[in-house]
1. Mind listing whichever residues of the range 187-205 are in contact with a Phe, Trp or Tyr (Cβ under 9 Å, 6 or more places away or on another chain) and under 15 Å from residue 169 (Cα atoms)?
2. List every residue pair whose Cβ atoms lie under 7 Å apart, where the two residues are 6 or more positions apart in sequence or sit on different chains, the first residue falls within the range 293-315 and is assigned to a loop (DSSP other than H, G, I, E, B), and the second residue, located anywhere, is modelled with pLDDT of 70 or more and surrounded by fewer than 23 Cβ atoms within 10 Å (Cβ to Cβ).
3. Quick one: residue 140 ticks every box in (1) touching a Pro at 6+ places or on another chain (Cβ under 6 Å); (2) in contact (Cβ under 8 Å) with a residue 60 or more places away in the chain; (3) within 17 Å of residue 103 (Cα to Cα) bar one, so which box is it?
4. So is residue 106 buried (at least 20 other Cβ atoms within 10 Å of the Cβ), free of Cβ contacts under 8 Å to residues at least 24 places away in the same chain, within 15 Å of the chain's Cα centre (by Cα) and under 21 Å from residue 295 (Cα atoms) or not?
5. What are the residues in the range 93-135 that are touching a strand residue (DSSP E or B) at 6+ places or on another chain (Cβ under 6 Å), on the phi < 0 side of the Ramachandran plot and in a loop (DSSP other than H, G, I, E, B), if any?
6. Considering only the range 167-198, state which residues are part of a strand (DSSP E or B), among the basic types (Lys, Arg) and within 13 Å of residue 151 (Cβ to Cβ).
7. Out of (1) more than 25 Å from residue 217 (Cβ to Cβ); (2) surrounded by fewer than 16 Cβ atoms within 10 Å (Cβ to Cβ), what's the single condition that is false for residue 156?
8. If the Cβ limit is 9 Å and pairs must be 6+ apart or interchain, which residue in the range 241-259 that is of a type in the set (Phe, Trp, Tyr) pairs with which residue that is in a loop (DSSP other than H, G, I, E, B)?
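The values are calculated or read from the model by the stated rules, or taken from the named source; none is laboratory data. Not measured: the values here are computed from a predicted model. Neighbour counts run over all protein chains shown; Cβ positions are idealised from the backbone, glycine included.
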Amino acid sequence: MNGSLPFWPEQASSHAAQLDMFILAFSVLVALLAIPVGILIFVFAVKYRRNKSVDRQHAPNRKVWLEVSWSVLPFLAALGFYIWSTALFFDLNHPPSGTLDIFIVAKQWMWKAEHPGGQREIDELHVPVGQAVRLIMNSQDVIHSLYVPALRVKQDVVPGRTMSLWFRAEKPGVYWMTCAEFCGTDHSVMGGKFYVQTADEYAAWLARSGVDLSLAASGEILFRKYGCSGCHAASSVVHAPDLTGLYGRSVALANGQTVIADEQYIQDSILLPQKQVAAGYGPIMPTFKNILGEDEVIQLVAYIKSLRQASWRVK
């Protein structure tokens with residue numbers, strides 16, 4: 001199965017090929033189970049219709065294995081497809097290490113992308129071919145859903161939650177992306193172009209964007225501007241958690257629970273600091289919910305993530 005079939009989206013990733021094969025195989029299974037039953041229903045309805053002279057007295061059929069087989073074999077086939085689909089789902093929800101993280105902001109009615117180097121684009125998304133890419137997505141208003149048919153991936157973007165989606169595009173080209181969740185009056189025009197480029201083309205596109213600071217560098221400026229360093233710096237007199245190496249680490253909470261410090265946790269710690277208070281620290285951090293814009297939150301998250309391996313500092 002490939003993109004040459006009428007009305008069938010082109011395949012731009014191995015996941016797309018695997019999903020298409022799954023759909024084709026499952027359709028064949030359904031046909032093999034349903035078509036014989038439909039045919040027999042029609043045959044028996046005609047043969048044993050009312051007023052038809054036919055012998056309806058059949059001897060008992062003691063072929064137990066036949067009775068068992070047409071129950072067990074479909075069950076085993078369905079179980080096999082369950083395992084197959086679970087493997088596809090597991091792979092789609094467990095990105096590999098070393099992904100290229102791109103922040104996506106959905107709003108009525110546009111997609112805004114911010115790359116690690118600070119490059120921004122609206123209703124377009126440029127990615128390098130063969131590179132594992134993870135989209136970190138937030139919505140500013142209602143539920144949206146990012147859908148790229150050529151990749152066979154779709155993810156709802158829910159307000160107040162940080163959603164993620166990863167893929168590896170393997171075929172250079174220009175594809176279509178859209179919103180697959182009704183989000184208001186102009187939902188039908190909320191879409192754009194998805195560019196899969198070679199490494200050289202992607203590097204050239206990044207260079208043409210002409211930005212001065214990366215997301216992490218801009219985030220460090222904000223970190224100092226809003227006084228975050230006054231509490232979280234190593235020399236601070238205020239008892240606040242050290243953010244160095246925070247991202248990806250297990251964090252013990254004051255309520256006895258434990259969470260992983262991912263993008264959602266960092267964002268909530270900035271906007272809803274009383275939601276998950278770290279163990280051993282008082283609930284003294286103020287909220288920045290009505291102070292920071294969406295872009296500023298993204299920059300701060302990028303900076304805190306970079307503290308794992310940061311080798312630069314703003315002077």
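1. Hits for the range 187-205 are 193, 194, 195, 196, 197, 201, 202.
2. Taking only residues 6 or more apart or on different chains, the pairs are 307/243; 307/244; 307/245; 307/246; 308/245; 308/247; 314/217; 314/221.
3. Of everything listed in (1) touching a Pro at 6+ places or on another chain (Cβ under 6 Å); (2) in contact (Cβ under 8 Å) with a residue 60 or more places away in the chain; (3) within 17 Å of residue 103 (Cα to Cα), residue 140 misses just condition (1).
4. no
5. Scanning the range 93-135 gives 95, 96, 99, 115, 129, 131.
6. The one that is part of a strand (DSSP E or B), among the basic types (Lys, Arg) and within 13 Å of residue 151 (Cβ to Cβ): 168.
7. Result: residue 156 fails condition (2) only.
8. So the pair list comes out as 247/261; 247/262; 247/307; 247/308.
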